1. Could you work out the helix-only [θ] at 222 nm for the chain, with each DSSP H run of four or more residues adding -39,500 (n - 2.57) and the total divided by the number of residues, to the nearest 500 deg cm²/dmol?
2. First select every other residue whose beta carbon is under 15 angstrom from the beta carbon of LYS68; then total the charges, Lys and Arg +1, Asp and Glu -1.
3. Rounded to the nearest 5, what % of the DSSP beta bridges within the chain are antiparallel ones?
4. Using only Cα atoms and rounding to the nearest 10 degrees, what angle (0 to 90) does helix 24-38 make with the longest principal axis of the chain?
5. Take GLU8, project a point 7 Å from its Cα along the Cβ direction, then tell me which residues of the stretch 76-109 have their backbone nitrogen under 14 Å from it.
6. Of all trypsin sites (Lys or Arg not before Pro) in the stretch 89-142, which ones are in loop regions per DSSP and have a Cβ with at most 13 other Cβ atoms within 10 Å?
7. How many angstrom separate the Cα center of the stretch 98-142 from the Cα center of the stretch 1-65?
8. In nm, what is the difference between 0.36 nm times the number of residues separating ARG76 and THR52 and their Cα-Cα distance?
Amino acid sequence: MSRSYVSEVEILFRHFDPAGIVFYPRYFEMINDFIEEWFDKSLGVSFHTLHTERGIGTPTAAVQCDFKLPSRWHERLRQVLELQHIGGSSFLAQVRFEGQDGKMRLSAQVTIVTVDLARMRATALPDDLRAAMQEFLSPAQA
């Protein structure tokens with residue numbers, strides 16, 4: 001049985017531009033923060049531990065993002081993550097941000113690769129992470 005990882009983010013002053021809406025690069029920072037939170041709270045391995053103790057990095061290899069509606073200061077967005085694919089040294093996450101009205105603000109597909117930081121080369125996704133990620137794999141992909 002798969003499930004989504006869900007969290008919430010508040011739009012802060014630092015996120016928006018002179019037009020009063022989120023400046024699009026800030027969404028990428030929010031996506032990265034959200035994925036980092038998912039590792040820590042649901043996969044049982046913080047980015048800090050993964051990087052500093054295990055020597056494994058998690059760079060983003062690709063992002064495809066559709067911006068649907070603007071978000072404004074002090075709005076709270078519901079963040080949703082599901083996995084579409086788990087590969088040998090990477091995974092593909094589907095990320096959505098929704099307003100309190102339930103309307104989608106953005107939809108993104110993010111490919112993350114696991115990298116041996118000493119060699120700066122792709123490395124196998126650790127078994128403990130792979131096992132924990134299975135819970136978030138979309139039923140159509142399992």
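Values quoted throughout were computed directly from the atomic coordinates according to the rules given, and no laboratory measurement underlies them. Everything quoted here is computed from the prediction, not taken from an experiment. So basically every Cβ, Gly included, is an ideal-geometry build from the backbone, and we count neighbours across all protein chains shown.
1. Dividing the helical sum by the residues of the chain leaves -4500 deg cm²/dmol.
2. That works out to +1.
3. Roughly 95 percent of the DSSP beta bridges within the chain come out antiparallel.
4. The two axes meet at around 50 degrees.
5. It comes to 76-80, 98-102, nothing else.
6. Those that pass, being in a loop and sparsely packed, are LYS103, ARG119.
7. Each part reduced to its Cα centre gives a spacing of 11 Å.
8. 5.4 nm
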